[in-house]
Amino acid sequence: MRLRLVSNTPSIDFIGRRKFAFAFSLALVLGSIGMFFTQGLNLGIDFLGGILIEAKTQNGADVGVVRGELGDLGLGEVSIQEFGAPDILLIRIQRQEGGDDAQAKAVDAVKTALEGQVAEYRRTEFVGPTVGEELKEAALLAVLAAIGAILVYIWFRFEWQYGVGAVIALAHDVITTIGLFALFQLEFNLATVAAILTIAGYSINDTVVVFDRVREKLRRYKKMDLPELFNMAVNKTLSRTIMTSVTTLLALIALFVFGGEVIHDFVLALIWGVIIGTYSSIALAVSLLLYMKPDRGTGEAAPSRFQPQLEQEETKEA
């Protein structure tokens, strides 16, 4: 017996509820932008520059005491937090004036101050301010280039109306993911940028599947009202979309639980991205097409990789 999370013939009125979806999405986007400008992002060492030390203490350490001991060293801004367990500390220190020797002296000073309290130093990282600025620019360009490339692909794969709808839905996913990191002050680093690009790829994959079905229905039912036709297309792909998302989430949840603290923020971004990407593909991207009047076509539909499945379903419907 096959597992089904959605019935074979769902009839959910997604298009009829589009105003609620638009209002919800607008609230999410505005809230994310507000969090970005009010709280800002908790930029990691990749972007800020400085020193990052991960240390395992002997029997757990009082963060307040350690902060006081390191604060007396005169190293400038020092940030200390527990990292996944009470006996693991993540220490961030602003970049010291001078070259590599100045950074090494700062690390030696920290190790001397914590002598007898630390059992193991798991990692020590140095990032210069110039490198941090370059990484910021590269990260922004990577995200913008990905969105631009997706717009061009959808434009040529379908029509410009589909491309605009897909990019709006994709921007919605990216902005809300950034808002999530601003809200919970999760560390935003290069791994997060990789997560955002992964989210973009996953989200557009879902959207392309739905759009492909929309195009097939548009050319098959030339006189059907667009809201009814769009609902039919979304409902036909709903089971596939939900099953794909759930199986992906199962793997991500396992990584989140058992993968260790180092990848928690990365995996959390992916979990959110799968959820919000599935939502935007179903409730947002197709609804936007309603206002763009896509061409129904005048000839036979172009061959689709979903055509055999479509023909089987049409036979069953008949």
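The values are calculated or read from the model by the stated rules, or taken from the named source; none is laboratory data. In this text the structure is predicted, and so the values were computed from the model without any measurement. Glycine gets a Cβ as well: all are built from the backbone with ideal geometry, and neighbour counts include every protein chain shown.
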message: I'd like the residue in the range 1-38 that is of a type in the set (S, T, N, Q) and modelled with pLDDT of 90 or more and, out of all such residues, is nearest to P227 (Cα to Cα).
response: S25
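Here is a yes/no grid of residues against (1) without any contact (Cβ under 8 Å) to a residue 24 or more places away in the chain; (2) surrounded by 22 or more Cβ atoms within 10 Å (Cβ to Cβ); (3) aromatic (F, W, Y):
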site	(1), (2), (3)
L252	yes, no, no
G259	yes, no, no
G273	no, yes, no
S281	no, yes, no
A285	no, yes, no
L290	no, no, no
Of residues in the range 146-169 being part of a helix (DSSP H, G or I) and in contact (Cβ under 8 Å) with a residue 60 or more places away in the chain, the one farthest from L197 (Cα to Cα): Q161
query: Of all residues in the range 251-262, how many are in a helix (DSSP H, G or I) and at pLDDT below 85?
result: 2
- prompt: Counting residues that are of a type outside the set (A, V, I, L, M), crowded, with 19+ Cβ neighbours inside 10 Å and within 24 Å of the chain's Cα centre (by Cα), which helices (runs of 4 or more DSSP H) fully inside the range 1-115 reach at least 3?
  reply: 18-38
field: Residue count, the range 184-237 (criterion: among the aliphatic types (A, V, I, L, M), over 30 Å from I33 (Cα atoms) and part of a helix (DSSP H, G or I))
entry: 6
message: Residues to consider are I53, I154; find the one that is in contact with a Ser or Thr (Cβ under 6 Å, 6 or more places away or on another chain) and at pLDDT 80 or above.
response: I53
- request: Mind telling me which of the residues G84, G98, G116 ends up being at pLDDT below 80 and in contact with an Asp or Glu (Cβ under 9 Å, 6 or more places away or on another chain)?
  value: G84
query: Does K105 satisfy the condition of being farther than 21 Å from V127 by Cα, modelled with pLDDT of 80 or more and of a type in the set (K, R)?
result: no
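Every residue, every condition in (1) assigned by TED's automatic domain parsing to the domain that holds G163; (2) out of contact with any Lys or Arg (no Cβ under 9 Å at 6 or more places or on another chain); (3) not small (G, A, S), yes or no:
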residue	(1), (2), (3)
L226	yes, no, yes
N231	yes, yes, yes
T237	yes, no, yes
T241	yes, yes, yes
I253	yes, yes, yes
E261	yes, yes, yes
I271	yes, yes, yes
I276	yes, yes, yes
S287	yes, no, no
- request: Please tell me if A166 is buried (at least 17 other Cβ atoms within 10 Å of the Cβ), over 20 Å from L284 (Cα atoms), under 23 Å from the mean Cα position of the chain (by Cα) and assigned by TED's automatic domain parsing to the domain that holds M292.
  value: no
- prompt: more than 25 Å from F156 (Cα to Cα) and either at pLDDT below 85 or touching a helix residue (DSSP H, G or I) at 6+ places or on another chain (Cβ under 8 Å) (or both), is that true of T248?
  reply: yes
- prompt: In the range 181-208, how many are of a type in the set (A, V, I, L, M, F, W, C) and in contact (Cβ under 8 Å) with a residue 60 or more places away in the chain?
  reply: 11
